[in-house]
1. Within the stretch 343-355, take every residue that is more than 13 Å from M182 (Cα to Cα) and in contact with a Gly (Cβ under 9 Å, 6 or more places away or on another chain) and give me the one that is surrounded by the most Cβ atoms within 10 Å (Cβ to Cβ).
2. Output the number of residues of the stretch 98-112 satisfying the condition of being of a type outside the set (V, I, T) and under 14 Å from I79 (Cβ atoms).
3. Step by step: first the residues of the stretch 278-292, then only those that are in a helix (DSSP H, G or I) and among the acidic types (D, E), then the one that is farthest from P267 (Cα to Cα). Which residue is that?
4. Please find, among D78, D129, the residue that is outside the structural domain of G203 (by TED's automatic domain parsing) and under 30 Å from E176 (Cα atoms).
5. Scan the stretch 168-226 for residues that are hydroxyl-bearing (S, T, Y), touching a helix residue (DSSP H, G or I) at 6+ places or on another chain (Cβ under 9 Å) and in a loop (DSSP other than H, G, I, E, B) and report the count.
6. Among the numbered criteria (1) on the phi < 0 side of the Ramachandran plot; (2) at pLDDT 95 or above; (3) in contact with a Pro (Cβ under 9 Å, 6 or more places away or on another chain), which single criterion is violated by L237?
7. When you look at T21, is it among the polar types (S, T, N, Q), crowded, with 16+ Cβ neighbours inside 10 Å, out of contact with any Phe, Trp or Tyr (no Cβ under 7 Å at 6 or more places or on another chain) and modelled with pLDDT of 90 or more, yes or no?
8. If we scan the stretch 302-312, do we find a residue that is assigned to a loop (DSSP other than H, G, I, E, B) and either over 14 Å from I197 (Cβ atoms) or out of contact with any Lys or Arg (no Cβ under 9 Å at 6 or more places or on another chain) (or both)?
Amino acid sequence: MISDQLIKTIFSEIKQKDPDTVLKAFTDNDARETMKYLIKQDHGAVIDTDEKADYVIQEMVGLGVIETITKQDENVTDIVYNGRHLIIESSEKPDPYIYTDKVIDDDYINSLASKVANATENEFTAKTDILEASIGYLRFTFVHKNRSNTISGKVTTMAIRVSRPNLALNDDNFLEYAPIEMKNFFENAVKNRESIIIAGQTGSGKTALQKYLVSFMRFRDKLIWIEDSAEGHLDVLFGDTKDTLTWQTGPNASITKLIRTALRFNPTWICPTETRGSEAYEMMDAVLSDHGVITTCHAPSIAEIPRRLINMMKKSFNFDETAMLEDICKNFGVAVHSKKGVLNDRNIRYLSEVGTFNPDGSVNYIFKQNLVNGKLEYTFYDQYKIAN
């Protein structure tokens, strides 16, 4: 039997020697093979068989049930533990469902949290009671049991967002999202360096569209991608076909600070993956300094976007709201709204609205689409001919 202490020692040594491989190994088999080589190289006298090495690796970076779920269904998007059940959401299933193949309890979730915290050098304790960490294509959020308030007792809760390095929206499936005319419209908008803001609720495909728009950018158009969690995977998706810099926010690197810094890198495009606070003000500075911006926000329609941005800015800045409204409407050349729904017992994301703004904030609609009686129905407006 290999002791827990030896496993901790080996894990610490490998993290010091090759921390990137450790993080990749949670979701990447090639990285696990590299770890196996390092283990045999340094501890071959004790870890002298493949079976022992596999056991050590599983204890260090294995995710157990989570690994099983994500491997069995590549369409899984979210996994949540609510203190009683593990709930799974899949893009191919209309409703979330309870995982029943194994009993999941608080001890199991806390063990997983400890593994994630250890791998990412974070704390998860009664004092540091929220853990957020990204490993591979998995984004973890744990809330300590001390924050729990349920009849069944104190339990740790967990949410995992699964963000695989692929284009969920692409040329092959675009027709499921919108008619081909809109693909051509978006391609022209990007090539003409129109700033684009994409609105919608959580899970409506905003970031999927944002990444798809990146596919239309040319190598000479330098892009700075700013995200809270490592979910874009632009280097994997586009390789050397795009000149991209990907930055992640942190305690000393807010979205606002990174947008300011981005201006010094002479980019063509600045793409904060989501605008949700006063960084909207800095984003407008980027737009007004003739940089292209593609970002997302939460809003119920494109008509609500300008007021939504102004309210974000007001949290930290004083300004002439009328002038700011005009700047937003003049400089964001395309406004988009995306929705999610159920069609033929499948979760779908579809393009809901596309338009441009008038100076007073009113909308010139280019395209609208609705899910009606189990069918997507769309309308092009005269403005489409002008925009296209």
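1. R349
2. Going through the stretch 98-112 one residue at a time, the tally reaches 5.
3. Of everything passing the filter in the stretch 278-292, E279 is farthest from P267 (Cα to Cα).
4. Values: D129 fails: under 30 Å from E176 (Cα atoms).
After ruling out the rest, the residue left standing is D78.
5. 2
6. (2)
7. No; evaluated as a whole, the condition is false for this residue.
8. Of the residues in the stretch 302-312, the ones assigned to a loop (DSSP other than H, G, I, E, B) are none.
No, the stretch 302-312 has no match at all.
The values are calculated or read from the model by the stated rules, or taken from the named source; none is laboratory data. If you're wondering where the values come from, they're calculated on a predicted model, not measured in any experiment. Heads up, the Cβs are rebuilt from the backbone with ideal geometry, glycines too, and the neighbour counts pull from every protein chain shown.
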